[in-house]
Amino acid sequence: MAEHVILFAGPMGSGKTTAIETLSDIEVVATEAANTERDIVDKPTTTVALDYGEIVLGDEEKVRLYGIPGQRRFDFMWSILRERAEGMILLVNNDAPDAIATMIEYLDEFGELYERGGVVIGITRTDISRTPAVADYSRALAKARPGLVVPVLGIDPRSAEHMRMALMALIINIEMRETWSTREAETV
Amino acid sequence: MSTALHKDDRVIDLGRAHLVAMKELCSSLVYAALLTDDGFEVVRLTKSEIDGGRYASMASSMQALSEAVARELRIGSGEYTIIASQSGHVVQLRVPGHPLVLSALFDNDETLGKALASSRQTAEKIAAVLTAVP
Amino acid sequence: MSTITETLEDLISVDGAMCAALVDSASGMLLGKAGTGLDLEVAAAGNTEVVRAKLKTIKALGLDDEIEDILISLSSQYHIIRPLAANPEVFLYLVLDRAKANLALARIKTKSGDAQLVL
């Protein structure tokens, strides 16, 4: 069975833990702690180390899912988890202050995952905030980082259908890159 | 809305008092911090070279991972988390009944048993005071 | 030949005994305990420091000698510390209520406990 390791990144409150819970076949290993920053993001708990889940796609792909804590003060965990992953699903919540700038910030932070396998961006909480539009993100991305090919989708991390679609898009991307680089190596 | 623990002067003061008492009873104590579950430092004692804010985040991650492992293995709630290294031990444990963690670094001048016992006693004392006057 | 549990249970059967422990002085941690009355985890760690301090002093005095036992009299308790003859890194620790205890008997009991204990 082919095995993949995918990282879920993005700011606090973007739905990373939820997304992994939606996808995971196993009970998610979570590290939630009482949130003392309710004024910044009003949720009772927050991830302080990592989330871990697993999913088997079809009967051929086993995917390990790792979620980072969103806050920058846990960036030592970002370094640890970034190393393990082949690709990334970057979730940004539409109601975040400066959501587009945040997207670019995380994309830069985890740029090596783009190089290594690929990135898919999911914009969450579009029901809470109607703007920016998903197209605005794509446009801003094309302008700020021309040359990057990154799908941007509006998704609900509670929806199994959305999450599977995003994950499959990423896996296909990763596998295509592997095929190309094998081919390149063969022709040399 | 109640004040977050790491901004509550009463908690900071009593935390500091207990850390000072811990140092008096345990000469091998090099550094100690009281932190919130989500990684904010409430108060710390000595060793100024350590970035307290960063340390508090790391300690909270470690605490969460230890508790996740104990849950996964179904061995009951965690007691201590210990990092035993060449020139010192980090001992960490929850302040029972509160979203707070006590994390302390000891050098090798005294035994691990001393480090564990004094950490446990301090955590229990802090818990008792916090529970008594909410 | 006795086990740790048997030895400690036997020790606390003496008149006035409250609790007892076997302690590894390398780590300051308990190898076994029996009875109640004080926090034995704290006592094990603290008394390890007492033994270490005494050993240091003996060495500093240039004495080529060993500790047989250490007896500490508190106003309401006696504490007996006895490093094992066969394994001085490990010690027996016995706590007695001073009003009810016969110290001489307790010391004899501790000495025979040491002799019989097989780790």
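Within the stretch B:60-84, the set of residues being hydrophobic (A, V, I, L, M, F, W, C) and either more than 12 Å from chain A (Cβ to nearest Cβ) or closer than 17 Å to A:Leu50 by Cα (or both) comprises B:Met62, B:Ala64, B:Leu65, B:Ala68, B:Val69, B:Ala70, B:Ile75, B:Ile82, B:Ile83, B:Ala84.
Residues in the stretch C:31-50 that are more than 8 Å from chain B (Cβ to nearest Cβ) and hydrophobic (A, V, I, L, M, F, W, C): C:Leu31, C:Ala34, C:Leu38, C:Leu40, C:Ala43, C:Val50. On the given criteria, is A:Ser24 out of contact with any Asp or Glu (no Cβ under 8 Å at 6 or more places or on another chain), over 21 Å from B:Leu100 (Cα atoms) and not acidic (Asp, Glu)? In short, no. For the stretch A:140-158, taking the residues that are surrounded by fewer than 14 Cβ atoms within 10 Å (Cβ to Cβ) and not hydrophobic (A, V, I, L, M, F, W, C), the one that is nearest to A:Ser24 (Cα to Cα) is identified as A:Arg158. Screening the candidates B:Ser57, B:Ser118, B:Ser87 for the property of being without any contact (Cβ under 8 Å) to a residue 24 or more places away in the chain and within 11 Å of another protein chain (Cβ to nearest Cβ) yields one hit, B:Ser57. Residues that are free of Cβ contacts under 8 Å to residues at least 40 places away in the same chain and either within 14 Å of chain A (Cβ to nearest Cβ) or outside any strand (DSSP E or B) (or both) were ranked within the stretch B:39-49; the one that is surrounded by the most Cβ atoms within 10 Å (Cβ to Cβ) is B:Gly39.
When the stretch A:33-78 is filtered for residues that are more than 9 Å from every other protein chain (Cβ to nearest Cβ), of a type in the set (A, V, I, L, M) and over 16 Å from the mean Cα position of the chain (by Cα), the ones remaining, listed by number, are A:Ile40, A:Val41, A:Val56, A:Leu57. Across the stretch B:15-30, the number of residues qualifying as touching a strand residue (DSSP E or B) at 6+ places or on another chain (Cβ under 9 Å) and either buried (at least 21 other Cβ atoms within 10 Å of the Cβ) or assigned to a helix (DSSP H, G or I) (or both) comes to 9. When the stretch C:90-119 is filtered for residues that are surrounded by 16 or more Cβ atoms within 10 Å (Cβ to Cβ) and among the polar types (S, T, N, Q), only C:Thr110 remains. Taken together, A:Arg183, A:Arg116, A:Arg84 contain a single residue that is at pLDDT below 95, of a type in the set (Lys, Arg) and out of contact with any Lys or Arg (no Cβ under 9 Å at 6 or more places or on another chain), which is A:Arg183.
The values are calculated or read from the model by the stated rules, or taken from the named source; none is laboratory data. All values derive from a computational prediction rather than experimental measurement. Methodologically, a virtual Cβ is constructed for each residue, glycine included, from the backbone with ideal geometry; neighbour enumeration extends over all protein chains shown.
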